[in-house]
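Remarks on the structure that follows.
Values quoted throughout were computed directly from the atomic coordinates according to the rules given, and no laboratory measurement underlies them. Quantities reported herein were computed from a predicted structural model and do not represent experimental measurements. Neighbour counts are summed over all protein chains in view; Cβ atoms, including those assigned to glycine, are modelled from backbone coordinates with ideal geometry.
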Amino acid sequence: MKRVELIQTVSGIVEGSSANRVAEDCVIRPELSGMRIFESPLFAFGDPMDPTFDKLKEKTVIGPHFMSPQEWMPGVKTVISIFLPFTEEVRRGKDSSPQWPSSAWLHGRIEGQAFINMMLAMSVAEIESYGYKAMAPSLDGRYWSLIHDGNTDTEKAGFSSNWSERHVAYISGHGTFGLSKGLITKHGIAGRFASILTDMDIEKDERYYTELYENCSMCGACAKRCPAGAISVLKGKDHKKCSDYLDTTAARFEPRYGCDKCQTKVPCETCIPEK
Ligand code: B12
């Protein structure tokens, strides 16, 4: 299996799977039945031996709880980072208001992640069928993430994870962080990330940036749109305010939740913004 075949395989799952469309039996509004969730994915291939992975263990970056690619999978030779941009239908949900996310975005958050989990499992099985080892940290039993502050749990840091898809995407060559803390790729910020580790040696990408926030113009559009007041050009991003606001969406839209404001109708929505 070569780089191009792997890209074709994963892209084929995104193109062809009915799980990348909202099913009739779970739809919030009838007109969203069959809505496609993700566009064609973008790939970045990282080197698991990149010393920047060690830096992620520093407290000021992520922390010692971050598990390196080798800790997840001894013998790993390639980190495959995948960006799945949301379709225009998801980004332009018709019932969006300045305060609340659209039904389309809620489907993108919840059914979109369910599709990603399936896509990862299918992709891992496909790589293994060629005789290589592969695994997706986010599907592994050791994976954890905390979307609240970690005061009650000393081993798990708050607002963190032992495998951060954005940091992995940054190292692999997708793009850089933005003021909202989302990662801005060549196809923008509005989408979700996933990753696979494998012992297949695939040609790596070069990072096209040197600074952490290089792709962000610091225009402040995301700060103006944030209904939680969680983003500030001067103070950066307040995860607690963001998370508390997400809780109000969970109460209102149960069993779904989410917020689109820092990812849509901003200059970095679908591209790297001009400075
Ligand atoms: C915890 C979490 C949250 C928390 C905290 C958010 C955060 N930014 O960390 C809360 C609940 C607030 C949250 C909210 C949302 N989330 Co969220 N969340 C996560 C999760 C589970 C872990 C993130 C994590 O590990 N953070 C760790 C801390 C350390 O990150 P940080 O403080 O931002 O990191 C900074 C430092 O490391 C610093 N730094 C300092 N020195 C150095 C040196 C180096 C070398 C580097 C690289 C960095 C660095 O740079 C970073 C940026 O400032 C990931 C899934 C995953 N496993 O990756 C999704 C994830 C980050 N969330 C995502 C999304 C989409 C959202 C929401 C839009 C919700 C929604 N979908 O409706 C909102 C708003 C996002 C936002 N603006 O932050 C996406 C991001 C997509 C993107 N384009 O970037 C992710 C990747 C999920 C996914 N699978 O796609 N989320």
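Below, the figures for the structure above:
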{"quantity": "Given (1) under 21 Å from SER138 (Cβ atoms); (2) over 22 Å from the mean Cα position of the chain (by Cα), index of the condition LYS2 fails", "calculated": "(1)"}
{"quantity": "Residues located in segment 83-110, provided they are within 14 Å of the chain's Cα centre (by Cα), surrounded by fewer than 24 Cβ atoms within 10 Å (Cβ to Cβ) and not hydrophobic (A, V, I, L, M, F, W, C)", "calculated": "PRO85, ARG109"}
{"quantity": "Conditions (1) in contact with a Phe, Trp or Tyr (Cβ under 9 Å, 6 or more places away or on another chain); (2) charged (D, E, K, R); (3) more than 24 Å from ILE171 (Cβ to Cβ); number of the one not met by LYS57", "calculated": "(3)"}
{"quantity": "Residue match in segment 121-130 (condition: in a loop (DSSP other than H, G, I, E, B) and either touching a residue at least 60 places away in the same chain (Cβ under 8 Å) or within 16 Å of ARG21 (Cα to Cα) (or both))", "calculated": "yes"}
